[in-house]
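One structure is given below, encoded as structure tokens.
The values are calculated or read from the model by the stated rules, or taken from the named source; none is laboratory data. Keep in mind that what you see is a predicted model, and the values were worked out from it rather than measured. Heads up, the Cβs are rebuilt from the backbone with ideal geometry, glycines too, and the neighbour counts pull from every protein chain shown.
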Number of protein chains: 2
Amino acid sequence: MIHSDRILMGPGPSNPYPEVIEALTRPVLGHLDPEFISLLDETNERLRTVWRTSNLLTFPISATGSAGMEAAFVNFVQTGDVVVVGVNGVFGNRMCDVAARAGATVIPVEAEWGQAIDPQRLLDAHPNPQIIAVVHAETSTGVRNDIAPLGANKGGALLVVDCVTSLGGIPVLIDDWNVDIAYSGTQKCLGIPPGLAPLTVSERAMERVVPTPQSWYLDLNMIKDYVTGDGTRAYHHTAPISMLYGLHAGLGVVLEEGLDQAWERHRLCGDELHRRLPEIGFGLWAQQGHRLPELTTVTLPEGLDDVEGRRTLLERYGIEVGGGLGPVAGKVWRIGCMGHTARMRNVKMLLGALEDLVTATR
Amino acid sequence: MIHSDRILMGPGPSNPYPEVIEALTRPVLGHLDPEFISLLDETNERLRTVWRTSNLLTFPISATGSAGMEAAFVNFVQTGDVVVVGVNGVFGNRMCDVAARAGATVIPVEAEWGQAIDPQRLLDAHPNPQIIAVVHAETSTGVRNDIAPLGANKGGALLVVDCVTSLGGIPVLIDDWNVDIAYSGTQKCLGIPPGLAPLTVSERAMERVVPTPQSWYLDLNMIKDYVTGDGTRAYHHTAPISMLYGLHAGLGVVLEEGLDQAWERHRLCGDELHRRLPEIGFGLWAQQGHRLPELTTVTLPEGLDDVEGRRTLLERYGIEVGGGLGPVAGKVWRIGCMGHTARMRNVKMLLGALEDLVTATR
């Protein structure tokens, strides 16, 4: 089955770094092979650098980003625990769903889609919640929510942060911000195909881990003996070896470039998109001051049809952009510029194609 | 980081088919790209052929085999449901743990490790269980449990079968055997790296699916709209694109060879190992008549040390075999011959190395 070579400028996956693809082809090792354990240890050390944390329990969950979300709740929520969740898009809603399935009493704190959540509203929502949870970079709206004030004032609560679309693209400072539990995905700003969910958990959080979480697969009590054990490692489940090679290599690319430089590269691409898209006729949708450089959301110029426009981009130019979700389906596009895709050449390519597209509708 | 090229003759992962490794390098598509949806549909059709089923809901869970097990229970167990589980190894025990976390009242039916479970004992364990569950090929013991009598006499129960180490290596006949829910892994007899868990679910089982399972990530109510939807597919989570390319390609290799021929290839390798290993001094451990060709378990010749012997195999010959688990740790080896590894040349290579190893201890 032949398939096309796309430029992936939707909300993820992004195009992977060539070094990552090369790494996927390396000979498979057993999950208990000493050479594989060394590679896993080095991968987790690289993750600590990218997360800006010293958390010992830092490793990739063997599934995609949403399983990272599930791991962040099922391991820390006991029945009846109060969980305050910021909701200004699909992934805040998903957090509510996942936390409720773990038995939480969920207190959603809503903000309009496209707007950021005032951290003070999250802090004021309950006097003594077990968990405060928020999405750092809302993939459905292109909005960045502030994290630092939550960590500084969380009190006894654990702070859970969804960094699926932020890690590697904008500053994520787990230790400086006092984040207890954070998860991400590989297929966004890290430039790796989808399949793993990097997770980091503070010592403080691990003191409160549920003894027998409802999920066996995501049970951190058992997984930690495999990923952080001294000497011998206890088998839990078979690690996804080839994808881990990809993660190891992708983190290597990011760290060789320098994390600050990678952030800067994402910022420059985002700035150019934010500057040029309104000139072509698109409207910037996310709240000013909270716009993600790696994911730009826009309303469409009059006359440009959502489905037909995206189909033309895909078929004529081989460029994928994302449609809107939920209440803004059909009205908003999500333009990603992440990981290896975050190059000025791709920005120029997309802007050129969009100019043609808009001109054709006039 | 340089690493070695092993011959993987442990309990999995096995060496992947070259066509699979090549497929991992293909350009990443978005998970809603029409070309990717076509590839997913074709993959699921290939899975139906390999499972010998017409079940519509046949697809790979986006995680490793144990997540397949979790999906098989959390979607069908309500609090207090009676689940009869056959236990003659690690994976039967794991089923009990996973089912209990989903709220089941578990009735374990135990057999000695290394022995098969009498199906009649499973059928007699409870007059009206909601689920009867058993491992087809016990990866911890090398024993095959009989499935057909369970499907023929299950009554109102759903039949759940773990086919992680059987699918592709020995006959697995989902429809003929009346299996309701079965899961596997990619890294055993299918010759694909670890990372996905093929799952198949009967119409009868889907009529009893739990409306809101405790796991969001594994919720079949939502996933089915992505994997089996007509026309538009509802986004649930981002599919692990590259691994799916690998699965698609690996199933292609198996079906091009012919499933019967693949079974026969595994059988011939197993027969040769079963014939020759005792001549070298190893004892066949699994019950005669229930020995898996793809996974041979042996007791060690006197004087051969478990850890040192496996280390020598790995370091001097680059061959991995597996140690024993649980009560037989240190006493038993698990010799896998699965997927692309299941070639007579590898059998000869291992036997030669083992002869040297045993001779050296005399």
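General remarks:
- Scanning the stretch B:335-345 for residues that are part of a helix (DSSP H, G or I), surrounded by fewer than 20 Cβ atoms within 10 Å (Cβ to Cβ) and touching a residue at least 60 places away in the same chain (Cβ under 8 Å) gives a single hit, B:Met344.
- Flag for A:Ser184 being away from every other protein chain (no Cβ under 14 Å), buried (at least 21 other Cβ atoms within 10 Å of the Cβ) and out of contact with any helix residue (DSSP H, G or I) (no Cβ under 6 Å at 6 or more places or on another chain): no
- Counting only residues that are without any contact (Cβ under 8 Å) to a residue 40 or more places away in the chain and not in a loop (DSSP other than H, G, I, E, B), the stretch B:155-185 holds 2 of them.
- Where helices (runs of 4 or more DSSP H) fall entirely within the stretch A:29-133, those with at least 3 residues that are within 14 Å of chain B (Cβ to nearest Cβ) are at A:34-51, A:65-74, A:90-101.
- Total residues in the stretch B:311-334, condition facing chain A (nearest Cβ under 10 Å) and either under 18 Å from B:Gly92 (Cα atoms) or outside any loop (DSSP other than H, G, I, E, B) (or both): 7
- Considering (1) surrounded by 21 or more Cβ atoms within 10 Å (Cβ to Cβ); (2) under 18 Å from A:Val164 (Cβ atoms), the lone condition that A:Val298 does not fulfil carries the number (2).
- Subset of the stretch B:220-255 (residues that are touching a His at 6+ places or on another chain (Cβ under 8 Å), closer than 21 Å to B:Gly185 by Cα and not β-branched (Val, Ile, Thr)): B:Tyr226, B:Ala239
- Picking from residues in the stretch A:223-232 that are assigned to a helix (DSSP H, G or I) and either within 10 Å of another protein chain (Cβ to nearest Cβ) or touching a residue at least 24 places away in the same chain (Cβ under 8 Å) (or both), the one that is surrounded by the fewest Cβ atoms within 10 Å (Cβ to Cβ) is A:Lys224.
- Within the stretch B:21-43, the set of residues being under 19 Å from B:Gln187 (Cβ atoms) and either surrounded by 21 or more Cβ atoms within 10 Å (Cβ to Cβ) or not assigned by TED's automatic domain parsing to the domain that holds B:Tyr235 (or both) comprises B:Ile21, B:Ala23, B:Leu24, B:Thr43.
- Within the stretch A:233-271, considering residues that are free of Cβ contacts under 8 Å to residues at least 60 places away in the same chain and among the small types (Gly, Ala, Ser), the one nearest to the other protein chains (Cβ to nearest Cβ): A:Ala234
- Considering residues of the stretch B:194-222 that are away from chain A (no Cβ under 12 Å) and among the acidic types (Asp, Glu) only, the residue nearest to B:Asp41 (Cα to Cα): B:Glu203
- Cβ pairs under 9 Å, 6+ apart, first in the stretch A:1-12 and closer than 17 Å to A:Gly323 by Cβ and more than 7 Å from every other protein chain (Cβ to nearest Cβ), second assigned to a loop (DSSP other than H, G, I, E, B) and aliphatic (A, V, I, L, M): A:Met9/A:Val321; A:Met9/A:Met338; A:Pro11/A:Val321; A:Pro11/A:Leu325; A:Pro11/A:Met338
- Matching residues in the stretch A:142-151 - criterion: being outside any strand (DSSP E or B) and closer than 19 Å to A:Arg267 by Cβ: A:Gly142, A:Asn145, A:Asp146, A:Ile147, A:Ala148
- Flag if A:Arg316 is among the charged types (D, E, K, R) and buried (at least 22 other Cβ atoms within 10 Å of the Cβ): no
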